[in-house]
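To start, the structure itself, in structure tokens.
The values are calculated or read from the model by the stated rules, or taken from the named source; none is laboratory data. Treat the numbers as computed from the prediction; the structure is a model and nothing was measured. Heads up, the Cβs are rebuilt from the backbone with ideal geometry, glycines too, and the neighbour counts pull from every protein chain shown.
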Amino acid sequence: MNQRTSIGLLAILALLALQGTAASPLGLGADGFQGTTYILSRSEAEVIIPANGTSFDLTIPYKTDLLFFDPIGNEVPIETVVEFRRGSYTYHISSHRPVRGYIKYNRPILEQRLVAPVEVGESVRVVLPEGYATGDRILGRARPGPDEVGTVGGRAALFWTGPEKRTYIDVSFYKEGAPWAFRLFLLLLAFIAGVLVLEHNMSIKRLRSLRENAEIDGDEPGYSDKDNAMKDLSDKDLDDKDLDDKDLDDKDLDDKDRAEKDRGGEGRI
């Protein structure tokens, strides 16, 4: 192999490499799927729509940058006129020659959730981020349920094919390990709640025990409540009798002293 042949082969390989690089903007959408593709990340979706002709109209509720690519990923020059009406942007796209390829733009998504319209007879697929899933009743699922579930480029993908009426798809997604982590959190929360309830019940039992001990210490042992009450009454009666006897004795002493005093006064006279 001479030097010129080697240079020619290197040039061909370089051109092929450039074509592969040019095809990369379509990413997972460049597989011939004839429908709208939503390639999701955590905060935005890459939208790829097949197009064929010289003019196209696209109405979306947000402003974005549109790009047009041919089937092998080369960008095609287009002219775009934007109109804003009733809260939506209408993009009038035209080309000087008939083209076949894909329109691509990005749209924002919130809280790892995509809501998008599906027209009558349209096919739609949603490609989830790598390492993400959907279908859990608590963490999020797709509504309505997809007609088919598969993979695209090693990532989970949901497919809807030709609905009979215009509808909206609602897809919430989460980390593949999130359901296990969420259930572990619920178990931990239940365990902590159980410990708190047990501690509360033990505290109530301790307070009841202390109160019962205090009531027992206040009564004499060997007596019932009735006996204690009778004893209290007897002690009160004895106290009252002692006071009455003391008052009588004091009165007798006072009368005796008074009498002796009167007799002493008479003797002096």
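Quick look at the numbers
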| quantity | calculated |
| --- | --- |
| Condition broken by VAL152, with the remaining ones in (1) exposed (fewer than 10 other Cβ atoms within 10 Å of the Cβ); (2) touching a helix residue (DSSP H, G or I) at 6+ places or on another chain (Cβ under 7 Å) satisfied | (1) |
| Members of the range 171-190 that are free of Cβ contacts under 8 Å to residues at least 12 places away in the same chain and among the aliphatic types (A, V, I, L, M) | ALA181, LEU184, LEU186, LEU187, LEU188, LEU189, ALA190 |
| Residue satisfying all of: in the range 45-83; of a type in the set (Asp, Glu) and surrounded by 14 or more Cβ atoms within 10 Å (Cβ to Cβ); nearest to VAL118 (Cα to Cα) among these | GLU46 |
| Which numbered condition LEU26 fails, given (1) touching a Phe, Trp or Tyr at 6+ places or on another chain (Cβ under 6 Å); (2) over 24 Å from GLU122 (Cα atoms); (3) modelled with pLDDT under 50 | (2) |
| Criterion violated by PRO221 - all others in (1) modelled with pLDDT under 80; (2) surrounded by 10 or more Cβ atoms within 10 Å (Cβ to Cβ); (3) over 30 Å from GLY135 (Cβ atoms) satisfied | (2) |
